[in-house]
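The values are calculated or read from the model by the stated rules, or taken from the named source; none is laboratory data. Keep in mind the model is a prediction, meaning the values are calculated, not measured. Cβ: placed from backbone, ideal geometry, glycine included. Neighbour counts: every protein chain shown.
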Amino acid sequence: MKHSKIGFYGGVGSVTGANFLLDTGGAKFLIDCGMVQGSRFAEESNQKPFPYEPQSIDALLVTHSHSDHIGRIPKLVKEGYAGKIYSTEPTRALATVMLADALNVMIFEEQSYARPRLYDREDIDKTLALWQTIEYGARLALPDDVTATWNDAGHILGAGFITFERGGQKVVFSGDIGNYPQPLMGAPDIPNGYQYLVMESVYGDRLHEEVSERSDLLLHHIEQTISKKGTLIIPAFSLERTQIILFEINNLVESGKVPALPVFLDSPLAIAVTDIYRDHTKYLRREVREQISAGDDIFDFAKLKFTRTVADSRAISEVPGPKIIIAGSGMSHGGRIEGHESHFLADKNTTLLLVGYQSVGSLGRRLQDGAKRVRINNQDVKVNATVATIRGWSGHADRDQLVDFVAKGGEKIEKVFVTMGEERAALFLVQRLRDYLGVNAVAPSPGEVAEIEF
């Protein structure tokens, strides 16, 4: 039996920064190279040199296109990586716009706060030139007699579980495991028959709430906005959450449950991502594909307007209510959403609807916690608006779904490495897997290298 090593160089002890190295003795494969986000040490962590030589890596395999899984790939290329990059086709398409947007943010922060950028446009171009795509289920031949296969993770468009195989042994890297049911994505295609698993644990200690009520809650807040002739503001992440909200509103309008009212998608990145979703509908769940085939453009309905320019964005405030504004960022940390919040939060006929996770310290979290006055763009803003939350649209599997994911992995499991979660969530899931399934589960430490038989 051959011996290999897994290096845990990111996404350990925290949700973000996924970065794992599978060293088979004759080849080195990197799985994801994500940005560290959300902590006061994030900038410092992202600037640090990689704990391995980028030139020594034989191939980089990508699970999906969220920034905490792809955000440092151009930095890796800038520092010498010249091998192939592999993912599904939607992941590459989304990475193209996500990396370009991240660079724009870095340029702004460099000019405003003297924060050095991680990479330049030419590094993105070099990255995309190295990037090749593969379909779900296809087998990719890699050095040292290793193959890799992607299976639909059910998380976001193009997300995949990656299974490495050699000599009858299998190692699975989960990336992010999809929550089910979701409005747009199908159920995860859960791998089995593997010996080793590196898995996420974002919701390792929690269950999702309001899943069955989420559409009805959105309907309620739209009806309230109509009755008040007010403004419904929805801060939403550009990738996946925005497309879900558009799909939900489309269904409410098309079914006649609500009358058409002005809806503004006020985010250039979200507009670009939505276009990519339109081009890759074969990756959506079957029921959604059937709805599209029947003639429904799920991302277009009466009175929906995509506002691409700053001038168009500013003009939204002049449109009388009722109206809906969807904009980034999802935690109200930068982006056009701040302009709308500074303008509308003082109005008692406004509802601020939070539809995603709000990290501690973010403006969204302060509003969620009941702040009556906030500071936005160096202005004090009084909060008279109603602040509401819908929690049912998470793209991540919850505690019980994570346990079920491992339970369906089969009887050959030798070890499960629980990663990509806060320490409390990861350790809770470790104990749960031990107690409920009798699985040898561990939570690796940052920088730890584990030996496996592969």
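Points worth noting:
- In the set Leu140, Leu94, only one residue is crowded, with 17+ Cβ neighbours inside 10 Å, closer than 23 Å to Glu240 by Cα and not basic (Lys, Arg); that residue is Leu94.
- Test: residue in segment 311-321 that is closer than 16 Å to Asn250 by Cβ, surrounded by 19 or more Cβ atoms within 10 Å (Cβ to Cβ) and at pLDDT 95 or above: no
- Some residue of segment 280-287 being surrounded by 19 or more Cβ atoms within 10 Å (Cβ to Cβ), aromatic (Phe, Trp, Tyr) and over 17 Å from Ile249 (Cα atoms): yes
- Number of the condition not met by Glu341 [criteria: (1) within 21 Å of Ile244 (Cα to Cα); (2) surrounded by 22 or more Cβ atoms within 10 Å (Cβ to Cβ)]: (1)
- Test: Arg289 is within 25 Å of Leu94 (Cβ to Cβ), assigned to a helix (DSSP H, G or I), without any contact (Cβ under 8 Å) to a residue 40 or more places away in the chain and among the basic types (Lys, Arg): yes
- Residue that is modelled with the lowest pLDDT, among those in segment 20-56 that are on the phi > 0 side of the Ramachandran plot and within 17 Å of the chain's Cα centre (by Cα): Gly38
- Selection count where residues are farther than 15 Å from Phe417 by Cβ and surrounded by fewer than 24 Cβ atoms within 10 Å (Cβ to Cβ), scope segment 164-179: 6
- Residues that are hydroxyl-bearing (Ser, Thr, Tyr) and either surrounded by fewer than 17 Cβ atoms within 10 Å (Cβ to Cβ) or outside the structural domain of Met35 (by TED's automatic domain parsing) (or both), drawn from segment 97-128: Ser112, Tyr113
- Residue match in segment 183-194 (condition: within 21 Å of Thr63 (Cβ to Cβ), in contact with an Asp or Glu (Cβ under 6 Å, 6 or more places away or on another chain) and not charged (D, E, K, R)): no
- Single condition Ile162 does not satisfy, out of (1) in a loop (DSSP other than H, G, I, E, B); (2) closer than 27 Å to Met35 by Cα: (1)
- Elements of type strands (runs of 3 or more DSSP E) contained in segment 375-425, each with 1 or more residues being of a type in the set (Lys, Arg) and on the phi < 0 side of the Ramachandran plot: 379-382, 415-418
- In summary, Ile298 fulfils each of the numbered conditions (1) surrounded by fewer than 20 Cβ atoms within 10 Å (Cβ to Cβ); (2) outside any helix (DSSP H, G or I) with the single exception of condition (1).
Yes/no per residue for (1) outside the structural domain of Gly328 (by TED's automatic domain parsing); (2) buried (at least 22 other Cβ atoms within 10 Å of the Cβ); (3) within 27 Å of the chain's Cα centre (by Cα); (4) modelled with pLDDT of 95 or more:
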{"site": "Ser359", "(1), (2), (3), (4)": "no, no, yes, no"}
{"site": "Lys382", "(1), (2), (3), (4)": "no, no, no, yes"}
{"site": "Gln401", "(1), (2), (3), (4)": "yes, no, yes, yes"}
{"site": "Val406", "(1), (2), (3), (4)": "yes, yes, yes, yes"}
{"site": "Lys415", "(1), (2), (3), (4)": "yes, no, yes, yes"}
{"site": "Val418", "(1), (2), (3), (4)": "yes, yes, yes, yes"}
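- Test: residue in segment 103-126 that is in a helix (DSSP H, G or I), in contact (Cβ under 8 Å) with a residue 24 or more places away in the chain and of a type outside the set (A, V, I, L, M, F, W, C): yes
- Complete set of residues in segment 167-215 that are more than 18 Å from the chain's Cα centre (by Cα), assigned to a loop (DSSP other than H, G, I, E, B) and under 25 Å from Lys257 (Cα atoms): Glu209, Glu210, Val211, Ser212, Glu213
- Subset of segment 168-200 (residues that are touching a helix residue (DSSP H, G or I) at 6+ places or on another chain (Cβ under 9 Å), over 20 Å from Ile6 (Cα atoms) and small (Gly, Ala, Ser)): Gly178, Gly186
This table checks each residue for (1) closer than 30 Å to Gly339 by Cβ; (2) touching a Gly at 6+ places or on another chain (Cβ under 9 Å).
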position: Phe173; (1), (2): no, no
position: Glu200; (1), (2): no, yes
position: Ser227; (1), (2): yes, no
position: Ile271; (1), (2): yes, no
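- Checked across segment 325-342, the condition of being polar (S, T, N, Q), within 22 Å of the chain's Cα centre (by Cα), in the same structural domain as Ile249 (by TED's automatic domain parsing) and not in a loop (DSSP other than H, G, I, E, B) holds for no residue.
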